[in-house]
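The values are calculated or read from the model by the stated rules, or taken from the named source; none is laboratory data. All figures in this text were calculated on a predicted structure; none of them were measured in a lab. Neighbour counts run over all protein chains shown; Cβ positions are idealised from the backbone, glycine included. With ligands, DNA and RNA removed, areas are computed over all heavy atoms of the protein, side chains included. Shrake-Rupley method; radii C 1.70, N 1.55, O 1.52, S 1.80 Å.
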Amino acid sequence: MDQTPILLALLITALPLCAFVIQVFFGRFLPRQGDWLPTSAVGAGLVMSLYLFFTQVLGAPHGMEHPAFWKMTWLSIGETSPFVVNFEVMIDNLSIVMLVVVTLVSFLVHLFSTGYMKGEERYNRFFAYLALFTFSMLGLIITSSMLMLFIFWELVGLCSYLLIGFYFTKDSAAAACKKAFLTNRVGDTGFFLGLMMIATVVGSFSFPDIFDSVRQGMWSPTLLTIAGICIFMGAVSKSAQFPLHVWLPDAMEGPTPVSALIHAATMVAAGVYMIVRMFPFLAGWDAEAGQSAMMTGNYFESDTLFLIAMVGGFTAIFAATIAVAQYDIKKVLAYSTVSQLGYMVMGVGVGSPAAGMYHLFTHAMFKACLFLGSGSIILAMHHEQDMRKMGGLRKKLPITHITFLLATLALSGVPFFSGMISKEAVLTQAYAYWEYHKHLSGGLALERFLPFLFCLVAAAFTAFYMFRLVIGIFYGKPRDQHAYDHAHESPRTMTIPLMVLAAIAVIGAGIAVPGGPGTDWFENRNAPEVVVGGMMSSEAMVPSTEVREAWESGAAWHDVHVEEVPETAPPAIKEFHHAYHLAHWPTFLLATLCGILGIALAYWIFFFNRGKEYVKPGGILDTWRVWLVNLYYVDDIFKAVPIAFTHWMARLCAAIDRVVVDSVVNGAGILGMVFAWVAGKIDYWAVDGAVRGTGELVLAGGERVRRIQTGRIQDYVGLTVFGMTIVFVVVMVWTNWN
Amino acid sequence: MSAAGRGREGEWALSFHAIIFWALAAMTIVPAIGIVVSKNIVHMAFWLLGTLLGVAGLYLHMEADFLGMTQVFVYIGGINVLLLFGIMLTNREPLYVRAAVKRPAIASAVLLGVVVAVGLIQSFGATEWHTVKDAVAPGLADASAKAVVNGDGTAATLGTYLLSDYILPFEIVSILLLVVLVGAAYIARRDPEGGSA
Amino acid sequence: MGGNTFMDIGLGHYLAVSAILFALGLIVVMTRRNAIGILMGLELLLNAAGINFVAFNRFSAPERMDGQIFVIFIVILAAAEAATALALVLNIYHQIHTANVDEAHLLKQ
């Protein structure tokens, strides 16, 4: 097998690590504090990733069919049937796409940071952490062992801790990084439990082995569901899904480039990547067919995936509404990220990891652009993050303005932009999911409609809050004249990343199409999904030939051009393809409508200043506004619940004490009095003299024995040994006699 | 090789083996007695050095080469030096301790010691131990002996044991050492506000 | 082979050495006032146990090396114990200016 992908992947991963080691020890002594070293290391990684992408993924019609493997034994525990832990690398289409995303965003963030962080304290340390962060994420991508993934997963967590708390002298930053770390531990506990279940049942951590075990029915369906949910818990915390999303907005305490890196490519993407990678596992067991779901292509009836879809959908709408009421521009973007992650997770949940991945890809580009753009704004405004103090900045920051606007259009799902296509992929899948279940159950299957509904409404909210942000920052009159007068466009190192990302945000639609952007945009708007779908179709993800053929033909993955599903395709896929056809047009129209509605509403309220009376105290939306400003009280609940629980426990203990212990004590007291009375009588009448004699004996004996209690530890040792010797002698004599 | 020849050679090896054992036993016991009777704590530490070396020799004599080396490194190189440091840091005045406790206490301790020693030796002698062979000379059935004769040493086998059958205790002990490291550093640290010493 | 006690070195001989060492260690532990002296006695006790482990391993079950593994753990624990104990002694010394255990008789009060 061609080992080039493996070698390149290892090199891509190793370069940032080397850069980190050099930077952390010698960075201070290098020219420019060594910022060029991690930047160029990641840049070289980007070049190699792109080479891999173009030769391996786009080189073949459906990408690499056979993933490249390489492994090295790391630990082998036990003698007869050893439990082997391998150091494993697997490169398939999915890893290569992720490699490109991570190295691209990371490289641009590095570049941006050379301008943004200029003159900051611990400048060299910042770049060292960035390199380590990139390394951890790359390691997480290229490995094919769940255990290795977990290790890198934790490393990513550590790096985010270091970077969020980069300004650790600020109390809020110190608290935020602690919060991020601890919240992630909650999910990781579940993840680790799932890992242990896998280790117990499968006896290996390797992805192919895990998928094989599912295929061969080594799992009981119940345990498989439980393990899947446990694994998903890891993604809930890492990808900031409800209710563990609380750390992500607080993570805004870190420097802005770090926010871009965390939100676009590394930390939060890790969770989505993990559930995409584990998709065959999460899809579970198809009870009807008596086979694993990935053999029958039926991804639509798994309980685990349904839970994932619900969590994702709920997070999408939940966070989107909160973002409406935020004034800190970074907080708006943070909640926007949480919401968009909800889309990705829901996409996986409704049975389309390809759609989820595609949204991850496009979102990484425009969200990185938005965050870096906000960094540029914040720098121009001298570290002011409140949008109420901005306004009219489009004349002062022309490049930032244009790029920010383009990324916003992409995020809002406006047609002709990449965001629309990926978002629509997710939504169509969700709608088809409902159609499929409607058909299956014969009823309305309303609970299966919820993910779609959530995300559709969230789409309107997304457009609304993003345009609220853009209007607030760039249009209208300057609200802080002094800051406005001193604002100036950022240096070239910061605007170039913005332009690159904005360009990708626009043409991201066509970038994955073989042969470049299509001539007829609307005809081709599904092409990228087909390619991303093809990226999933390597044998690492789909071991069944029939499913793979269906996948490659595009039938399983939403190609409108495919009218006929291959004959060999499993029934579930044929069924779903039908549902998908029904879903296509309604979703596109609805999603576009929602987006336009949101934008129009934002203009109506913030540009023309209408409708303010509804949110004033006493207005019909006021209660909701209060809830939004308080973030739906999730943080408060997290703070209050442990306290309330402790109080409740204390009351419970007190009650037990009062009812049970007290009555026992009282009862014992009464019993003792009765006994005492009886004993007193007997004592008085019968054994008075004898008792007194015994008492005196005991007293005298006690006086003797007391002397042994010297408090010298050595005496106690001596006595212990002496006692043991006596016991020993007795035993010896006893055994010899018998 | 004839039976007689082997016998004679065996006898010679046997006596040599025995002589070394007695030498090592003396090397272990005599310094130990020195520890008991010594009045100077530094002398005690140096006597302890002798005993530890003797024990290391006994380990080697039992074909436990890795253990012998570990004994030298850890006990003599680590623990004994640590003890010497402790002595230097805690003795205000003379590096010399009085015979410590009162005479009756000493007498009872010695008595107890003698009883224990005699009792143990007596019972050891009285018990029929399950022994694989009357191993009077190094035999090749012995796993560690084989390793030593082959020149591999026991380290490889012990390493395999530690990372397979004994992986859990091994990991626990690693954590214990970490805890001790932190704990000892914390306890021994002089309290900056306490102002003592 | 004859039953010459001085020439046929077997399990019993090692056990005897270990017993004597143990008894001596015991005496040291019981008679010293200085905490570090007591520690030395403890080391003797641990060494005596170690000799027993290796001897039984060597003579009773030579096909495996479990006894030697135990000695490794004993050595590790001894190191841990010595470090902790010395830290404690230092701490006590800072507080009451002595390393003699009978002057640190807070247990008695």
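Between C and A, buried accessible area summed over both sides at probe 1.4 Å, in Å² to the nearest 100? It would help to have the intermediate numbers written out before the result.
Details: alone 8030 and 31390 Å², together 38670 Å².
Chain pair C/A: roughly 800 Å² of buried accessible area.
Could you report the buried accessible area between C and B, both sides summed, computed with a 1.4 Å probe and given in Å² to the nearest 100?
Numbers: alone 8030 and 15260 Å², together 15670 Å².
For C against B, buried area totals roughly 7600 Å².
Along Cα→Cβ, 7 Å out, is where each label goes; now give me the distance between the ones at B:Val114 and A:Trp74 in nm to one decimal.
Using points 7 Å along Cα→Cβ, the separation is 6.2 nm.
Per residue of A:68-77, count partner chain C-beta atoms within 10 Å of its C-beta, then hand back the mean as an integer.
On the way: counts 0, 0, 0, 0, 0, 0, 0, 3, 3, 5.
Average neighbour count from other chains, rounded to a whole number: 1.
Give me the one-decimal nm value for the distance between modelled label points at B:Ile175 and A:Ala174, 7 Å along each residue's Cα-to-Cβ direction.
2.9 nm
Please compute, for peptide C:73-79, the average count of beta-carbon atoms on other protein chains lying within 10 Å of each residue's beta-carbon. If you can, show how the numbers build up before the last one.
On the way: counts 7, 1, 8, 9, 4, 4, 7.
Counting Cβ atoms of other protein chains within 10 Å of each residue's Cβ and averaging gives 6.
log10 I(q)/I(0), Debye, Cα-only the range C:8-108, no solvent, q = 0.14, 0.25 Å⁻¹?
-0.63, -1.24
Hey, any idea what Rg/Rh is for the range A:400-466, computing Rh the Kirkwood way over Cα pairs?
On the way: Rg = 14.9 Å, Rh = 13.0 Å.
Looking at the range A:400-466, the ratio lands at 1.14.
About the Cα centre of the range A:341-451, how large is the charge dipole given +1 on each Lys and Arg Cβ and -1 on each Asp and Glu Cβ? Please answer in debye to the nearest 20. Present the calculation step by step, with values, prior to reporting the outcome.
Values: 9 positive and 5 negative charges, 82 e Å.
With Lys and Arg at +1 and Asp and Glu at -1, about 400 debye.
On average, how many beta carbons from a partner chain sit within 10 Å of the beta carbon of a residue in B:32-41?
Details: counts 14, 3, 1, 10, 10, 1, 3, 0, 0, 6.
Per residue, the average neighbour count from other chains is 5.
Work out the charge dipole of the range C:8-108 with +1 on the Cβ of Lys and Arg and -1 on the Cβ of Asp and Glu about the Cα centre, then indicate which of C:Gly37, C:Ile74, C:Asn57 is farthest towards its positive end.
Final value for the positive-end residue is C:Gly37.
For the range A:233-314, run through the GluC sites (Glu not before Pro) and keep only the ones in DSSP coil with at most 11 other Cβ atoms within 10 Å of their Cβ. Walk me through the numbers before you get to the answer.
Details: sites: A:Glu253, A:Glu288, A:Glu301; in loops: A:Glu288, A:Glu301.
Filter output for the range A:233-314: A:Glu288.
How large is the charge dipole for the range C:8-108, taken about the Cα centre, if only the Cβ atoms of Lys, Arg (+1) and Asp, Glu (-1) carry charge, to the nearest 20 debye? Mind dumping the intermediate values first?
Details: 5 positive and 7 negative charges, 31 e Å.
It comes to approximately 160 debye.
Provide the FRET efficiency to the nearest 0.05 for the A:Asp635-C:Ala61 pair, computing r from the beta carbons and using R0 = 56 Å.
My answer for the efficiency is 0.35.
How would you rank B:110-121, A:131-142, highest first, on the average number of other Cβ atoms within 10 Å across their residues?
Values: B:110-121: 17.6, A:131-142: 27.8.
In decreasing order of mean packing, B:110-121, A:131-142 become A:131-142, B:110-121.
Quick one: with all protein chains in place, what share of the accessible area of the range C:8-108 is carbon or sulfur, to the nearest percent (1.4 Å probe)?
On the way: 2160 of 3000 Å².
Exposed carbon and sulfur together represent 72 percent of the surface.
According to a simple spin-label model (label point 7 Å from Cα along Cα-to-Cβ), what is the distance in nm between A:Val730 and A:Trp677?
Modelled inter-label distance: 4.2 nm.
Applying a 10 Å radius around every beta-carbon, put A:478-490, A:596-608 in order of their mean neighbour count, most first.
Working: A:478-490: 14.8, A:596-608: 16.9.
Most protected by this proxy first, the peptides run A:596-608, A:478-490.
Pop out the Kirkwood hydrodynamic radius of the range A:314-408 from its pairwise C-alpha distances, inverse of mean 1/r, in Å to one decimal.
On the way: mean 1/r = 0.0704 Å⁻¹.
Computed over the range A:314-408, the radius equals 14.2 Å.
To the nearest 20 debye, what charge dipole does the range A:248-390 have about its Cα centre, counting +1 at the Cβ of each Lys and Arg and -1 at the Cβ of each Asp and Glu? Spell out each step's value before the answer.
Details: 6 positive and 9 negative charges, 94 e Å.
Charge dipole, the range A:248-390, about its Cα centre: 460 debye, nearest 20.
Can you give the accessible area buried between chains B and A, summed over both chains, with a 1.4 Å probe, in Å² to the nearest 100?
Numbers: alone 15260 and 31390 Å², together 45840 Å².
Counting protein atoms only, the buried area is about 800 Å².
Determine the per residue accessible area of the range A:186-238 with all protein chains present and a 1.4 angstrom probe, expressed in square angstrom. Don't jump to the answer; show the numbers that get you there.
On the way: 1850 Å² over 53 residues.
Counting only protein heavy atoms, the per-residue value for the range A:186-238 is 35 Å².
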